[in-house]
Amino acid sequence: MKANLDLPSKLSLVFFLWVCAFTLPWTFQVGLCLLLVIARFAIPAFRPVSHRSAAAFSKFILYSITVALLVTCLNALFIRSGNVVATLLGFSFYEDGLLFGLRTASRLILLSFSVLMFFISTPLTVFIDYLQSKGLPQYLVLMLLLTLHFLDHLPSRIHQIFLAQQARGAPVDSGVLSRTRALLSILSPLVLSSIVESIERGTALELRGFLSRPVASRKPEDTETRVNLLTICFYFMSLVIIAYSIYRWLNV
């Protein structure tokens with residue numbers, strides 16, 4: 001058995017992290033998030049494939065910290081049950097709301113980190129070829145390819161529309177209120193241009209025979225089932241956590 005971190009191992013790791021996000025306490029989830037951040041720098045298989053992916057991950061870390069603090073504080077403020085943990089400027093923060101906010105924030109961040117780590121460290125062509133080799137229908141692969149391409153170019157497209165609106169004299173950078181008013185003027189061309197580009201790109205792929213392209217046949221020596229040790233470990237741990245969670249839920 002092999003023990004390298006290939007694409008099936010990454011997918012099994014994402015599945016394991018999603019299971020942990022819905023079953024383990026928030027303290028373990030925070031620890032897993034920290035381990036993912038460390039793995040992004042320490043493990044070569046998790047390093048971003050481009051500088052843009054690395055920059056996007058760094059920005060997402062800052063955004064996730066902000067969102068976690070905001071979700072935790074709002075829940076501690078509005079869920080008025082349990083003991084008062086702290087009082088700031090006349091506002092009381094309650095224990096039950098604080099714990100609920102920590103559970104919600106840690107779950108969302110772990111789910112987001114697991115998916116983001118997978119896509120920033122996996123080239124899109126490798127992922128698409130893997131799905132095709134596993135027999136996924138071609139139209140589903142095409143739909144996923146167009147969706148991932150849209151998400152990948154979404155920030156640059158928003159920036160281009162923002163610059164175009166600014167060049168036309170639209171007050172899109174003079175304050176929060178002006179940015180809110182200009183939201184529709186930015187979303188409308190974004191949605192329309194994305195639909196048109198997706199149709200054109202899908203038509204181009206169809207004309208090039210993407211939907212009718214046969215999957216490359218493997219050599220006889222490659223058709224043997226090769227089991228990855230890490231993949232087995234991640235799926236086994238996931239099943240153990242699920243079974244233990246069900247057992248604990250039935251015996252409450």
Based on this model, can you work out whether Phe118 counts as touching a Leu at 6+ places or on another chain (Cβ under 6 Å), at pLDDT 85 or above and at negative phi? no
Going through (1) crowded, with 17+ Cβ neighbours inside 10 Å; (2) polar (S, T, N, Q); (3) more than 17 Å from Phe234 (Cβ to Cβ) one by one, Thr66 fails only at (1)
Between a residue in region 47-67 that is assigned by TED's automatic domain parsing to the domain that holds Leu110 and modelled with pLDDT under 80 and any residue that is of a type in the set (Ser, Thr, Tyr) and not in a helix (DSSP H, G or I), which pairs come within a Cβ distance under 7 Å, given they are 6 or more apart or on different chains? Val49/Ser121
Restricting to region 25-60, what's the tally of residues that are under 19 Å from Ser245 (Cβ atoms) and surrounded by fewer than 18 Cβ atoms within 10 Å (Cβ to Cβ)? 5
Output yes when any residue across region 89-98 is at pLDDT 75 or above, in a helix (DSSP H, G or I) and of a type outside the set (D, E, K, R), and no when none is. yes
Does Leu32 qualify as being under 25 Å from Phe118 (Cα atoms) and modelled with pLDDT of 90 or more? yes
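Does region 10-20 contain any residue that is of a type in the set (Lys, Arg), touching a residue at least 40 places away in the same chain (Cβ under 8 Å) and under 15 Å from Leu230 (Cβ atoms)? Steps first, please.
First, pick out the residues of region 10-20 that are of a type in the set (Lys, Arg): 10.
Still in the running and touching a residue at least 40 places away in the same chain (Cβ under 8 Å): 10.
Narrowing the set further to residues that are under 15 Å from Leu230 (Cβ atoms) leaves 10.
Checked region 10-20: at least one residue is of a type in the set (Lys, Arg), touching a residue at least 40 places away in the same chain (Cβ under 8 Å) and under 15 Å from Leu230 (Cβ atoms).
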Scanning region 98-138 for residues that are in contact with a Cys (Cβ under 9 Å, 6 or more places away or on another chain) and without any contact (Cβ under 8 Å) to a residue 60 or more places away in the chain, the one surrounded by the fewest Cβ atoms within 10 Å (Cβ to Cβ) turns out to be Leu98
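The values are calculated or read from the model by the stated rules, or taken from the named source; none is laboratory data. Owing to the predicted nature of the structure, the values given are computational and were not obtained by experimental measurement. FYI the Cβ positions are ideal-geometry reconstructions off the backbone, even for glycines, and counts take in every protein chain you see.
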